[in-house]
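What follows is a single structure, written as structure tokens, with notes after it.
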Amino acid sequence: METVQPPAAFGLAHLWAQGDGVIRTIAVLLLLMSVLSWVLIILKALDLRRHRAQARRVEAFWHASDFADGLDRLGREPDNPFRLLAQQGRDAAAHLQGRDDVAARPPQLHDQLDLSDWVQRALRQAIDDCVARLQAGLWLLASVGSTAPFVGLFGTVWSIYHALVGIGASGNAGLDQVAGPIGEALIMTALGLAVAIPAVLGYNALVRGHKALVHQLNRFAHELHAYFVTGARVAARAPAPAADARVRALRA
């Protein structure tokens with residue numbers, strides 16, 4: 001009487017042991033994709049949490065006695081987007097007011113920009129740089145989320161093909177001989193989905209978090225623009241000085 005192989009003989013370990021180089025390569029590739037996805041999700045989530053804490057310091061910036069004190073209240077982290085935004089606006093305003101070489105050189109296009117346009121341009125560039133840093137690496141999560149199911153499906157198709165070839169060669173096509181290898185081959189599809197689902201969820205969560213952070217950056221940039229042009233935010237308790245006097249004070 002022919003002995004039927006028990007179901008316990010089939011599984012991930014059996015698939016790895018009996019699989020060829022293609023199956024093992026796909027399994028290793030899915031493992032690497034999963035590890036990279038989780039590492040990136042954790043690192044990006046920690047960065048987003050840190051930037052949210054930095055965003056809560058913006059109100060303290062506007063309650064500072066002067067601009068230098070406001071920068072200190074924002075924090076001294078080198079990658080603090082709110083501090084970088086304030087510094088970029090300050091430097092742009094000071095640079096425009098301090099240009100003494102306009103009459104001594106040929107005219108240039110940016111010479112036509114007034115203080116408002118110059119500061120707005122600098123703040124927009126700073127926000128674009130911050131957005132680029134926030135989105136760095138998200139392409140990996142998007143790629144893993146879209147390709148991992150197909151990588152696993154390819155492994156399933158490959159395994160089913162070889163299982164059917166083996167069953168055909170043995171001449172025994174009973175249900176007990178077909179169900180085990182076919183079910184085992186579906187493990188690759190399950191692995192692909194297990195890799196893709198966290199990557200997609202992590203990508204969506206990070207994108208939503210980044211959109212909220214960019215909204216806060218845009219609002220802060222709008223307030224900075226008003227401050228550098230009119231001097232009307234930090235010095236609300238005192239009469240607002242002229243914009244050029246405010247910029248000269250920043251350069252002192």
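The values are calculated or read from the model by the stated rules, or taken from the named source; none is laboratory data. Predicted model, so just to flag it, every value in this text is computed and none were measured. Cβ atoms come from the backbone with ideal geometry, glycine included; neighbour counts cover every protein chain shown.
Checking the condition surrounded by 14 or more Cβ atoms within 10 Å (Cβ to Cβ), closer than 21 Å to THR25 by Cβ and modelled with pLDDT under 90, which residue from ALA185, ALA194, ALA235 passes?
ALA185
Among the numbered criteria (1) exposed (fewer than 15 other Cβ atoms within 10 Å of the Cβ); (2) closer than 12 Å to GLN216 by Cβ, which single criterion is violated by ARG50?
The single condition ARG50 does not satisfy is (2).
Looking at this structure, is ALA205 within 30 Å of ALA53 (Cβ to Cβ), modelled with pLDDT of 75 or more and out of contact with any strand residue (DSSP E or B) (no Cβ under 8 Å at 6 or more places or on another chain)?
Judged against the criteria, ALA205 is a match.
Within the set of pairs 6+ apart or on separate chains, which have a first residue in region 119-146 that is farther than 15 Å from ALA199 by Cα, a second that is in a loop (DSSP other than H, G, I, E, B), and C-beta atoms under 8 Å apart?
ARG121/LEU113; ARG133/ASP79
Within region 67-82, can you find the residues that are surrounded by 12 or more Cβ atoms within 10 Å (Cβ to Cβ) and not in a helix (DSSP H, G or I)?
The answer is GLY75, GLU77, ASP79, ASN80.
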